[in-house]
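Some notes on the structure that comes next.
The values are calculated or read from the model by the stated rules, or taken from the named source; none is laboratory data. Being a predicted model, the structure only gives us computed values, none of them experimental. Reconstructed Cβ throughout: ideal geometry from the backbone, glycine too, with neighbour counts over all protein chains shown. The area values use the complete protein model at the heavy-atom level, side chains included, leaving out ligands, DNA and RNA. Shrake-Rupley method; radii C 1.70, N 1.55, O 1.52, S 1.80 Å.
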Amino acid sequence: MSKEKKDSKLSNNIEKNGARIMIDTLLENNIEVCWGYPGGAILPFYDALMHSKLKHYLVRHEQGAVHAAQGYARATGKLGVCITTSGPGATNIMTGLADAKMDSTPVLAVTGQVACADIGSDAFQEVDTYGMTIPITKYNALLKSADDVARVTKEAITIALSGRPGTSLIDFPKDVQVGLSTNYKNIKMRIPDYHFKNPPIEGDVDKLISAINKAEKPVLYVGGGAITSNAYNEIKELAEKAQIPVVSTLMGLGAFAGNHELSLGMLGMHGTAYANKAVMECDLIIALGARFDDRVAGNTSDFAKKAIKAQIDIDPAEIDKRVFVDIYISANLKEALKKINPHIKKKTSGSWVSFIQKLKKENPLKFDLGKGEIKPQYFLHELYKKTKGDAVIVTDVGQHQMWSAQYYPVKHPRQFITSGGLGTMGYGLPAAIGAKIGVGEKPVILISGDGSIQMNIQELATAKMHHIPVKIVIFNNGFLGMVRQWQELFFEKRFSHSIMGYNPNFIKIAEAYDLKAKRIIKKDEIEEGLNFLLENNDACILEVKIPCAEKVYPMIPAGAKYESIIDYEHDNSKGNLFTVVPNNP
Amino acid sequence: MKHTLSVLVKNHYGVLSHVSGLFTRRGYNIDSLSVGETDNPEESIITLVVDEEPHMVLQIEKQLYKLVDVISIEDLTKKESLQRELVILTVKTSKDKRHEILGLVDVFKATIVDMTDSAIMIEMSSNPRRIDTFIRVFSEYTILKMARTGTIALEFPSSKLENTKK
């Protein structure tokens with residue numbers, strides 16, 4: 001007999017079933033919304049859900065549920081919750097869990113499971129959800145008794161949200177959902193507290209302070225951890241006080257205002273030339289909640305090779321993982337910076353910052369305007385102007401994602417929501433739906449492509465049914481653009497299976513879902529298209545036809561050194577050269 | 001270099017999968033793994049022998065610490081510790097070879113656990129190096145069957161070498 005069973009005998013609580021206990025525990029932990037899809041093994045949970053205060057959004061595919069939970073979590077910092085049935089319901093959320101784990105997004109998945117007695121018998125819709133989710137969760141559990149539901153739920157919520165956030169999964173057998181227990185009040189967790197208590201500041205704080213004060217050419221390299229730890233005010237203070245230019249990873253966009261004069265935008269494979277050049281030239285680089293991943297430090301021995309490397313990360317395992325650092329601090333970023341900032345000497349903008357400004361002027365983002373067709377970069381530039389850079393941008397994965405990161409330099413944290421680590425096509429639409437629920441009035445604009453949008457297009461019904469006004473832009477070039485780009489550059493233009501022949505008519509698709517849609521083809525239609533997009537009160541689609549040969553520049557090929565950077569070369573036949581330095585105020 | 005890690009974990013469903021899964025998915029080389037309860041039935045010790053460079057061992061420790069069920073980790077390579085493995089083997093024998101084999105068993109201070117006219121079953125527990133030697137010596141005869149455990153290890157109470165934890 002378990003400890004809890006003994007305790008429960010002594011308690012005076014009213015008996016509740018497992019499903020009820022879980023929903024009440026979620027509510028007690030301030031969880032208000034969830035996304036999901038019912039099915040056989042989760043029916044008792046849905047029964048308890050029906051009249052509860054937990055708001056549920058019905059999706060059209062379980063993958064949509066987990067991505068919506070991710071979008072919500074990324075937009076708000078709160079826990080995103082998704083509910084599915086056993087078997088295929090559970091396997092359909094694997095991609096989203098892997099995505100959330102990679103991008104340190106707090107997500108809790110509750111999956112139905114066959115009754116305990118049937119586990120292992122290859123029962124209908126049975127799959128080893130627990131075993132399958134071990135590598136893609138921070139915490140997972142298979143419930144065996146209703147007495148454990150409150151504790152496990154509390155542990156799952158706590159672990160997902162604490163430290164470096166991540167994913168939790170609770171596999172919930174049907175008989176445990178209906179099993180009765182009185183054990184749900186004042187429950188103690190059974191996990192060592194270093195897993196969820198804010199960690200102490202460990203490492204070389206004094207060394208970093210003196211390195212910053214001595215550095216002549218410092219750079220801050222901010223990642224997703226800067227957003228997770230809400231460290232933006234401290235980052236801004238440090239950057240302005242010591243006049244340190246800031247480069248950002250894809251995940252870190254918005255942690256430092258993209259229109260700040262010290263911002264250099266994104267670094268890495270498709271980063272700005274000036275961001276990468278600054279990293280090449282700097283004498284001190286400080287990683288703030290960033291992990292030197294292969295799209296940033298493609299060639300680890302070449303990365304910031306003249307610099308002292310410093311890193312602050314809440315996850316000690318990220319220190320010395322890909323790139324060895326000279327100075328490290330393992331801590332909550334915000335807490336560490338609060339301790340560091342008062343000791344930083346105030347500097348005035350000197351030769352390093354003027355060098356950076358010169359780099360920006362000499363190496364802007366550039367493309368040819370074309371002869372009347374719509375260039376995606378120009379469209380995004382116009383979208384930025386029209387929305388004053390204040391819309392929440394959600395993207396799918398591919399060329400449009402990189403163009404968005406380049407040409408929509410977001411100003412605020414949690415304003416740029418994208419699948420960074422895993423690169424999941426189909427993430428965008430459901431994530432935008434989740435984000436919109438999270439942010440309320442602020443406009444949420446999804447930038448997608450004709451490839452990505454078709455990977456979860458069924459979620460248009462979710463947007464329609466629940467009146468979630470996401471604005472959808474589909475860049476249609478009839479190709480898997482990024483695949484095509486690599487094939488053109490590295491596979492001698494052998495476009496193997498990257499042509500999206502027989503694309504559907506996206507306007508008719510929208511109409512079929514009773515949503516408004518518009519297609520624009522020419523540059524002079526952009527204004528009209530943007531008005532349509534922004535003035536619509538319901539979810540709507542703006543299809544933007546773009547040339548298929550358009551590429552994302554600059555580009556540092558995978559694993560290559562900075563010198564192999566490929567930048568756009570102006571071609572008169574393709575119209576006038578258009579240059580943008582989005583990071584100039 | 002070989003490192004012996006002693007990992008104290010919660011003794012419940014799935015812990016071993018979490019630990020062994022970490023090794024497969026991050027591509028760490030693992031020589032042996034053994035697991036058993038401690039004096040506290042709610043906790044187990046997993047003893048891992050890994051063959052990796054020191055910086056990688058540090059990374060392994062840090063990754064292990066991230067598992068919710070891991071309570072503590074000791075790198076016993078940095079301490080004076082007792083390391084033990086157990087081997088059981090059955091060698092083919094005949095009347096004229098028997099005496100020779102028994103002599104070797106005596107040399108190794110191993111134990112005979114069963115004997116027939118044609119086979120002898122021997123067990124021995126010792127440190128991994130001596131077990132290797134034992135097996136090598138007996139391979140000169142025909143080993144019919146063999147089973148070997150992974151290493152288990154504990155720090156000597158009198159150990160004075162520094163241990164860096166966490």
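Filtering the range A:181-193 to residues that are within 9 Å of chain B (Cβ to nearest Cβ) and out of contact with any helix residue (DSSP H, G or I) (no Cβ under 8 Å at 6 or more places or on another chain) leaves only A:Pro192.
Which one of A:Ser121, A:Ser104 is part of a loop (DSSP other than H, G, I, E, B), open to solvent by 10 Å² or more (accessible area, probe 1.4 Å) and more than 14 Å from chain B (Cβ to nearest Cβ)?
Only one candidate passes the filter, namely A:Ser121.
Mind checking which residues of the range A:180-201 are crowded, with 21+ Cβ neighbours inside 10 Å and out of contact with any strand residue (DSSP E or B) (no Cβ under 9 Å at 6 or more places or on another chain)? Within the range A:180-201, A:Asn183 is the sole residue that qualifies. Taking the range A:299-335 as the range and being small (Gly, Ala, Ser) and either under 19 Å from A:Ala215 (Cα atoms) or not assigned by TED's automatic domain parsing to the domain that holds A:Lys214 (or both) as the test, the residues that pass are A:Ala304, A:Ala307, A:Ala310. Evaluate the following for A:Tyr408: is it at pLDDT 95 or above and open to solvent by less than 30 Å² (accessible area, probe 1.4 Å)? Here the answer is yes, as A:Tyr408 does meet what is asked.
Specify the residue that is farthest from the other protein chains (Cβ to nearest Cβ); the eligible residues are those in the range A:152-179 that are open to solvent by 30 Å² or more (accessible area, probe 1.4 Å) and of a type outside the set (A, V, I, L, M). Working first, answer last.
Within the range A:152-179, the first condition is being open to solvent by 30 Å² or more (accessible area, probe 1.4 Å), and the residues that meet it are A:154, A:158, A:161, A:163-164, A:174-175, A:178.
Those still in the list that are of a type outside the set (A, V, I, L, M) too: A:154, A:158, A:163-164, A:174-175.
Working: A:Lys154: 13, A:Thr158: 10, A:Gly163: 9, A:Arg164: 8, A:Lys174: 18, A:Asp175: 17 Å.
Out of the qualifying residues, it is A:Lys174.
Each residue in the range A:300-325 was checked for being away from every other protein chain (no Cβ under 14 Å) and surrounded by 15 or more Cβ atoms within 10 Å (Cβ to Cβ), and 8 pass.
Once the range B:4-18 is narrowed to residues that are open to solvent by 20 Å² or more (accessible area, probe 1.4 Å) and touching a residue at least 60 places away in the same chain (Cβ under 8 Å), the residue that is nearest to the other protein chains (Cβ to nearest Cβ) is B:Lys10. One residue stands out in the range B:19-51 among those that are within 11 Å of another protein chain (Cβ to nearest Cβ) and touching a residue at least 40 places away in the same chain (Cβ under 8 Å): the one that is farthest from A:Asp313 (Cα to Cα), namely B:Val19. The numbered conditions (1) at negative phi; (2) part of a loop (DSSP other than H, G, I, E, B); (3) open to solvent by 30 Å² or more (accessible area, probe 1.4 Å) are all true for A:Gly559 except (1). Per the conditions (1) within 27 Å of B:Thr111 (Cβ to Cβ); (2) more than 16 Å from the chain's Cα centre (by Cα), the sole criterion not satisfied by B:Gly36 is (2).
Before we move on, is A:Thr111 of a type in the set (S, T, N, Q) and either closer than 19 Å to B:Arg25 by Cα or within 14 Å of another protein chain (Cβ to nearest Cβ) (or both)? Answer is no for this residue.
Output the residues belonging to the range A:223-275 that are among the aliphatic types (A, V, I, L, M) and more than 22 Å from A:Ile340 (Cα to Cα). Give the steps one after another, and end with the answer.
Start the filter on the range A:223-275 by keeping residues that are among the aliphatic types (A, V, I, L, M), which leaves A:226-227, A:231, A:235, A:238-239, A:242, A:244, A:246-247, A:250-251, A:253, A:255, A:257, A:262, A:264, A:266-267, A:269, A:273, A:275.
Passing the criteria: A:Leu250, A:Met251, A:Leu253, A:Leu264, A:Met266, A:Leu267, A:Met269, A:Ala273, A:Ala275.
Is one or more of the residues making up the range A:327-338 in contact (Cβ under 8 Å) with a residue 60 or more places away in the chain, farther than 30 Å from A:Thr300 by Cβ and touching an Asp or Glu at 6+ places or on another chain (Cβ under 8 Å)? Let's see the steps before the verdict.
Start the filter on the range A:327-338 by keeping residues that are in contact (Cβ under 8 Å) with a residue 60 or more places away in the chain, which leaves A:327-338.
Imposing the further condition that a residue be farther than 30 Å from A:Thr300 by Cβ reduces the set to A:338.
Next cut, touching an Asp or Glu at 6+ places or on another chain (Cβ under 8 Å) only: A:338.
For the range A:327-338, residues in contact (Cβ under 8 Å) with a residue 60 or more places away in the chain, farther than 30 Å from A:Thr300 by Cβ and touching an Asp or Glu at 6+ places or on another chain (Cβ under 8 Å): present.
Residue pairs whose Cβ atoms lie under 7 Å apart, separated by 6 or more positions or on different chains, with the first residue in the range A:158-173 and free of Cβ contacts under 8 Å to residues at least 40 places away in the same chain and the second open to solvent by less than 10 Å² (accessible area, probe 1.4 Å), are A:Ile159/A:Ser168.
Meeting the requirement of 2 or more residues that are surrounded by 14 or more Cβ atoms within 10 Å (Cβ to Cβ) and not aromatic (Phe, Trp, Tyr), the strands (runs of 3 or more DSSP E) wholly within the range B:53-128 are B:70-75, B:81-92, B:119-126. When the range A:326-352 is filtered for residues that are open to solvent by 50 Å² or more (accessible area, probe 1.4 Å) and in contact with a helix residue (DSSP H, G or I) (Cβ under 7 Å, 6 or more places away or on another chain), the ones remaining, listed by number, are A:Lys338, A:Lys339, A:His343, A:Lys345, A:Lys346, A:Lys347. Among what's in the range A:32-71 and is open to solvent by 10 Å² or more (accessible area, probe 1.4 Å) and among the polar types (S, T, N, Q), pick the residue that is nearest to A:Gly112 (Cα to Cα). Per the criteria, the residue is A:Gln63. Considering A:Ser210, A:Ser229, the condition of being closer than 30 Å to A:Val397 by Cβ, out of contact with any strand residue (DSSP E or B) (no Cβ under 7 Å at 6 or more places or on another chain) and open to solvent by 10 Å² or more (accessible area, probe 1.4 Å) is satisfied by A:Ser229 alone. For the range A:131-143, the criterion of a residue being more than 13 Å from chain B (Cβ to nearest Cβ) and either assigned to a strand (DSSP E or B) or over 26 Å from A:Gly252 (Cβ atoms) (or both) is satisfied by no position.
Selection of the range A:350-391 for residues being under 30 Å from A:Leu284 (Cα atoms) and in contact with a strand residue (DSSP E or B) (Cβ under 6 Å, 6 or more places away or on another chain) yields A:Pro364, A:Leu365, A:Lys366.
Residue pairs whose Cβ atoms lie under 6 Å apart, separated by 6 or more positions or on different chains, with the first residue in the range B:52-80 and within 12 Å of chain A (Cβ to nearest Cβ) and within 24 Å of A:Ala141 (Cβ to Cβ) and the second crowded, with 20+ Cβ neighbours inside 10 Å and aromatic (Phe, Trp, Tyr), are B:Val68/A:Tyr139.
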